[in-house]
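Inspection log for the structure reproduced underneath, given as structure tokens.
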Amino acid sequence: MKHLLSIEKLGREDVVGILAAAGPIKGARGNHAARPLEGQAWAMLFSKSSTRTRVSFEVGIRELGGQVMFLNANDIQLGRGEPIQDTARVLGRMVHGAVIRTFKQSDVEDFAAYSRIPTINALTDDEHPCQVLTDVFTFQEKRGSIRDRVVTFIGDGASNMAYSWIFAAARLDFELRIAAPAGYQPAPEILARAAGARVVVTEDFRAAAAGADLLYTDVWVSMGQEAQSGERLQRMAGYQINAPLVALARPDALVMHCLPAYRGKEIDAATFEAHAGTIFDQAENRLHVQKSILSWAVA
Ligand code: CP
Ligand code: NVA
């Protein structure tokens, strides 16, 4: 039984295999010979909003031959307090796999343990593994191997995105620099868990951007943190991807954003538009990489 619960729990061979298979899957779109989800029904259980993840998984599951049902957590008994363990035991008897977006990482892990069906983390407060696998795929599609390259993450260094990047660095041997203000830097416990990862954490966003191959950012206020919005926007002001920062990176540096983007906050409008080609390739690649993840999960 395979699950994609976090990049931390994925072996290097699994990461490399998922990334390698995604290219051919992308190339074969519209002409799929393989339909590994034929005869299967998958549930998508979401407690948070989504555009990209929801659409890419719904389309991807169908393109792989499966059927899919979208369950807004508030529409089922989970939203009225039924335990995740009971929800998992029910769904596990009816569907063949699940894609879950929620708050607590432990809920995704409990779902996997109790349902006994392949379970994919579609974002928790702690990790967004499908996004970072897609980002690495997109980088490698445009620039070749990410090994020994420099990835600079700017903004909320304690976010799910930053944490998935940290665990990816432990698997794929690139240098990760995280530029974030004090109080929004990765927890020491997370860095300790990413054994072997080359990670530099700093408040100096200019130093972090110097010579980078990839500049990456995410929202300053993640889903569920709306009550802290004022303080977050104030503390992270300045940690913006903009033209002066891009000028410090390598001349061919890529700029990426997982989306949704807040122009004038984590990225300025002109820089976003200048790199929109990459950013929307990233968004499209969610579909292809997740089809690779789904194929891997049921193999
Ligand atoms: N990047 C991402 O996961 O987007 P959604 O929240 O729209 O799914
Ligand atoms: N850190 C963001 C990612 C959105 C795709 C959030 O959790 O809201």
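Structural remarks
- Residues (open to solvent by 10 Å² or more (accessible area, probe 1.4 Å), more than 16 Å from ligand 1 (Cβ to nearest atom) and either in contact with a Gly (Cβ under 9 Å, 6 or more places away or on another chain) or in contact (Cβ under 8 Å) with a residue 24 or more places away in the chain (or both)) located in segment 143-166: R143, R147, D148, R149, V150, A158
- Considering A269, A243, A237, the condition of being open to solvent by 40 Å² or more (accessible area, probe 1.4 Å), in contact with a Ser or Thr (Cβ under 9 Å, 6 or more places away or on another chain) and not polar (S, T, N, Q) is satisfied by A243 alone.
- With respect to the conditions (1) free of Cβ contacts under 8 Å to residues at least 60 places away in the same chain; (2) within 16 Å of ligand 1 (Cβ to nearest atom), L78 lacks only one, and its number is (2).
- Leading residue by the ranking (farthest from ligand 1 (Cβ to nearest atom)) among those in segment 196-218 that are in contact (Cβ under 8 Å) with a residue 60 or more places away in the chain and surrounded by fewer than 22 Cβ atoms within 10 Å (Cβ to Cβ): G211
- Members of segment 5-39 found to be closer than 26 Å to N160 by Cβ and either among the acidic types (D, E) or open to solvent by 50 Å² or more (accessible area, probe 1.4 Å) (or both), listed by number: E8, K9, R12, E13, D14, V16, A20, K26
- Selection over segment 106-142 of residues that are among the aromatic types (F, W, Y), open to solvent by less than 10 Å² (accessible area, probe 1.4 Å) and in contact with a Lys or Arg (Cβ under 9 Å, 6 or more places away or on another chain) gives a count of 1.
- Any hit, segment 275-296, residues being part of a loop (DSSP other than H, G, I, E, B), buried (at least 17 other Cβ atoms within 10 Å of the Cβ) and free of Cβ contacts under 8 Å to residues at least 40 places away in the same chain: yes
Let's see how each residue does on (1) away from ligand 1 (no atom under 16 Å from the Cβ); (2) out of contact with any Gly (no Cβ under 6 Å at 6 or more places or on another chain):
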site: Q225; (1), (2): no, yes
site: E231; (1), (2): yes, yes
site: Y239; (1), (2): yes, no
site: F272; (1), (2): no, yes
site: T278; (1), (2): no, yes
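- Within segment 40-66, the residues that satisfy the criterion of being within 16 Å of ligand 2 (Cβ to nearest atom) and surrounded by fewer than 16 Cβ atoms within 10 Å (Cβ to Cβ) are S49, T51, V55.
- Yes/no for P260 being over 15 Å from F137 (Cα atoms), within 16 Å of ligand 2 (Cβ to nearest atom) and of a type outside the set (F, W, Y): yes
- Residue within segment 224-238 that is more than 16 Å from ligand 2 (Cβ to nearest atom), aliphatic (A, V, I, L, M) and not in a helix (DSSP H, G or I) present: yes
- Test: residue in segment 176-185 that is within 15 Å of ligand 2 (Cβ to nearest atom), closer than 22 Å to I267 by Cβ and open to solvent by 10 Å² or more (accessible area, probe 1.4 Å): yes
The values are calculated or read from the model by the stated rules, or taken from the named source; none is laboratory data. These numbers come from a predicted model, not from an experiment. A quick note on method: Cβ atoms are made from the backbone with ideal geometry, for glycine too, and the neighbour counts reach across all protein chains shown. What goes into the accessible areas is simple: the full protein's heavy atoms, side chains included, and nothing from ligands, DNA or RNA. Shrake-Rupley method; radii C 1.70, N 1.55, O 1.52, S 1.80 Å.
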